[in-house]
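A short worksheet on the structure shown next.
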Protein chains: 2
Amino acid sequence: MRAYKHPSIDDVTMEEIFHALSDPVRLGIVRQLHREGDQTCSALDGGRPKSTVSHHFRVLRDAGLVHTRVEGVTHMNALRRKELDERFPGLMTAVLG
Amino acid sequence: MRAYKHPSIDDVTMEEIFHALSDPVRLGIVRQLHREGDQTCSALDGGRPKSTVSHHFRVLRDAGLVHTRVEGVTHMNALRRKELDERFPGLMTAVLG
DNA sequence: GCGATAGTTCGTAAAATATCGAACTATGGA
DNA sequence: TCCATAGTTCGATATTTTACGAACTATCGC
């Protein structure tokens with residue numbers, strides 16, 4: 001994997017965001033990213049198998065919630081907070097507050 | 001059916017709300033209730049079979065988003081907007097805005 | 001080049017969800 | 001009481017989602 005595909009923020013839909021956040025694992029990841037800032041996948045796996053975690057990150061990326069960048073041998077994840085705030089004002093504040 | 005069971009607002013979780021709203025039919029129902037005010041189930045069925053619509057209303061009620069009251073032969077649905085606003089400030093505004 | 005580490009992808013099995021027809025229930029009105 | 005209307009419940013099927021092991025890929029350091 002050389003680079004990840006992330007949807008343009010304009011293509012992100014609320015429906016997909018809700019779907020992504022309807023899973024407790026993913027909601028937990030998003031909240032932890034908010035509280036603690038950017039983190040690698042393994043810092044967020046909660047002891048789950050890698051393939052499971054990888055799946056959840058894919059859903060979060062596809063939904064437009066998380067941006068993943070490759071940093072050497074690790075992959076660093078960030079909430080797309082600023083873009084999301086512009087696209088859906090107040091949503092992430094309500095979700096994370 | 002004599003009366004519906006609705007969860008106490010304190011038992012409502014964001015996770016369940018997200019699950020309920022992750023379906024396009026249900027998100028549509030919630031938005032229409034917001035735009036047009038209380039409505040019967042059949043006014044919100046969008047041509048779908050009754051059993052399908054009934055299922056979606058059950059999910060919306062169980063998630064704490066919608067309150068249904070019996071009015072004669074029809075069942076009237078209302079967004080639990082005020083309660084939701086107190087429980088999750090800003091959430092419904094973001095969802096509906 | 002050779003490990004070691006971090007994650008992805010694939011295949012599959014299990015669980016949850018959506019959809020719909022058919023039968024049922026409750027209410028109001030003729 | 002009988003009928004029509006509004007909606008629920010049941011049962012079956014099809015689709016989606018989750019979870020996880022195994023095999024694979026990419027990068028770093030030696």
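The values are calculated or read from the model by the stated rules, or taken from the named source; none is laboratory data. Computed from a prediction, not measured in an experiment: that's the story for all the values here. A quick note on method: Cβ atoms are made from the backbone with ideal geometry, for glycine too, and the neighbour counts reach across all protein chains shown.
Observations
- Test: residue in the stretch B:46-66 that is within 11 Å of chain A (Cβ to nearest Cβ), modelled with pLDDT of 95 or more, within 14 Å of DNA strand D (Cβ to nearest atom) and over 12 Å from the mean Cα position of the chain (by Cα): no
- Selection count, the stretch B:52-79, where residues are among the small types (Gly, Ala, Ser) and touching a Ser or Thr at 6+ places or on another chain (Cβ under 6 Å): 0
- Residue ranges of helices (runs of 4 or more DSSP H) in the stretch B:1-75 with at least 2 members exposed (fewer than 12 other Cβ atoms within 10 Å of the Cβ): B:24-36, B:50-62
- Screening B:Arg81, B:Arg69, B:Arg87, B:Arg26 for residues that are under 13 Å from the mean Cα position of the chain (by Cα) and either without any contact (Cβ under 8 Å) to a residue 12 or more places away in the chain or more than 14 Å from DNA strand D (Cβ to nearest atom) (or both) leaves exactly one candidate, B:Arg81.
So that you can scan it fast, the table gives a plain yes or no per residue for (1) of a type in the set (Asp, Glu); (2) within 21 Å of A:Pro7 (Cα to Cα); (3) in contact with a Pro (Cβ under 9 Å, 6 or more places away or on another chain):
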| position | (1), (2), (3) |
| --- | --- |
| A:Cys41 | no, yes, no |
| A:Leu44 | no, no, no |
| A:Ser51 | no, no, no |
| A:Val59 | no, yes, no |
| A:Asp62 | yes, yes, yes |
| A:Glu71 | yes, yes, no |
| A:Gly90 | no, yes, no |
| A:Leu96 | no, no, no |
